[in-house]
Each structure stands twice: as structure tokens, then as C-alpha cells.
1. Order these by the 10 Å Cβ neighbour count, fewest first: 223, 105, 70.
2. Tell me, what ³J(HN,Hα) does each residue in segment 29-38 have, in order and in whole Hz, if you take phi through Karplus 6.51 cos²θ - 1.76 cosθ + 1.60 with θ = phi - 60° and put x for Gly and Pro?
3. With θ set to phi - 60° and the Karplus curve 6.51 cos²θ - 1.76 cosθ + 1.60, what are the ³J(HN,Hα) couplings of segment 157-174 in order, to the nearest whole Hz, using x for Gly and Pro?
4. Using a Förster radius of 35 Å, what is the FRET efficiency between residue 191 and residue 58 based on their Cβ-Cβ separation? Nearest 0.05, please.
5. Using only the Cα atoms of the chain, build the gyration tensor, take square roots of its eigenvalues as a ≥ b ≥ c, and label the shape rounded, prolate or oblate: rounded if a/c is under 1.5, else prolate if a/b is larger than b/c, else oblate.
6. Could you work out the local net charge near residue 175, counting Lys and Arg as +1, Asp and Glu as -1, over the other residues with Cβ closer than 9 Å to its Cβ?
7. Can you compute the FRET efficiency between residue 132 and residue 224 using 1/(1 + (r/R0)^6), with r the Cβ-Cβ distance and R0 = 25 Å? Round to the nearest 0.05.
8. Amide H neighbours of residue 73 under 5 Å, at least 5 residues apart or on other chains, H built in the peptide plane: list them.
Amino acid sequence: MRAAVIVPAAGSGRRLGGVRKAYLELAGEPLLVWALRPFLAHPAIEWAVVALPAEDAAEPPSWLVLLDPRVRVVAGGAERTDSVRAALAAVPPECDVVLVHDAARPLVTGDVVERVLAAVSAGTSAIAAVPVEDTVKEVEPDGGIARTLERGRLWRAQTPQAFPRALLAEAHRSALADGVVATDDAALVERLGARVIAVQGSPENFKVTGPLDLPLAEAILRRRDG
């Protein structure tokens, strides 16, 4: 298996005051570096393509360029799907498996990467996910509760998500043709009727979205080092 990881990191960071999330520092290093390391440590990963804002892609940060010779930088787009599609186009044709990972998930572990890769090696698309523990309500626009969902079948999708390269490319071609925008690449593959399975992720593999998430991530890193 020859695999590549794609990391879309072209977001504006609107929920963090306009600061690019991928560049925020966690324990002295950018989130993007933390997000990439577990993939670069895996022997199956031969390529890593990072989609940055166009102005940053023209002059990538030195800490990213010098991180590993397998890292390539491309200009991302306005939407996440645009960035993934641009990065996918930069993956060499000899690659047969592509993983997609959020730059804002810095606490992914090698174990999670391995589980997703093991699943996709059998030819099935796979995502990291964790079962929902809270009671989930479907709520109407006026705040009224429409129904209580059966949580036993509900999982929270994470990344990495892994796909046969040809299947992911077809999913993005179809989405582009139909004008579909998604925040989740597995949803695009599901549109084609292809099977996607969930493998065990980790509660620690959360996405940094607000100011309270960074102190939590730092506390987790301190616990891991301890």
C-alpha cells in the first residue's frame, strides 16, 4: 500500500478571531505540525500534501517546508472541498490510498492512523469516529424538540478518513459537477453508494475550534509526556 495524507489548512479561523488555526501554537509548535507528525511517522505514508491559503502557499512557512521532504504545499480554496480537491490533484498517480486529516486535530495518535489504514487496506473506505455519549435531540428552528435520537447508532465523525484514491477522486468530481459542498469527505463518497466504515477513534482526537480547546489540548499533552 502506497499512501498519501492530505491536510486542508486554508481556513480563515473565523471562530478564533481571524487567526489561522493551523498556525496556532500548541506547546511551542503549530497545530499543523502536531497534526502531520503521526502520519509522517507511519511507513506507508509516502506523500503529505498541505493546502494553505493562496498567499501562504506562494511563500510557505519555513517550519512547514523543512518539516519533512515528503511535504508538498498547494493553494487551497474557499471551501474545504476545494482545498481537498486541489491537494488531491497534487498526489502522484502511483499513490493508491489517500487519507484526509484536519489540521485542527493535533492530538491524533499513531494508533488511530494505523486503525484507519488497516481498514482501507482491505479496499473499504474508513473514518475514525467515536460513539456519542450524550442524549441527542433533534431541535426545530423555534427551539422545540422534534424528537430524541437513538444514540446507540450515533457516532461522531473524526479524521483521519481514508479512501482508495480513485474512489475519492470520483467522489470529488461528482460533487463538483453537482455543486455539492461538504465538510466531510466520507459524505461525498457515500453519495456514490460506496461503503464507508467507522473505526474507533479517540475522544482526545478533537477539533480545535474555540479558545478553550487549546488549554485542554496542552493539558492532554502534559499528561501524555508525564
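A short reminder: the numbers here are calculations on the coordinates, not readings from a lab. Please read these numbers as outputs of a predicted model, since none were measured by experiment. Glycine also receives a Cβ, built like all others from the backbone with ideal geometry; neighbour counts cover every protein chain displayed.
1. Numbers: 223 9, 105 24, 70 15.
By the 10 Å Cβ count, ascending: 223, 70, 105.
2. Calculated HN-Hα couplings, in order: 9, x, 3, 4, 5, 4, 5, 7, 3, x Hz.
3. Along segment 157-174, the couplings run 5, 10, 10, x, 10, 10, 9, x, 4, 4, 5, 5, 4, 5, 4, 6, 4, 5 Hz.
4. Once rounded, the FRET efficiency stands at 0.60.
5. Details: a/c = 1.34, a/b = 1.12, b/c = 1.20.
Rounded is the answer for the chain, as its axis ratio a/c remains below 1.5.
6. +2
7. On the way: r = 25 Å, r/R0 = 0.99.
So the FRET efficiency works out to roughly 0.50.
8. Under 5 Å from the amide H of residue 73: 50.
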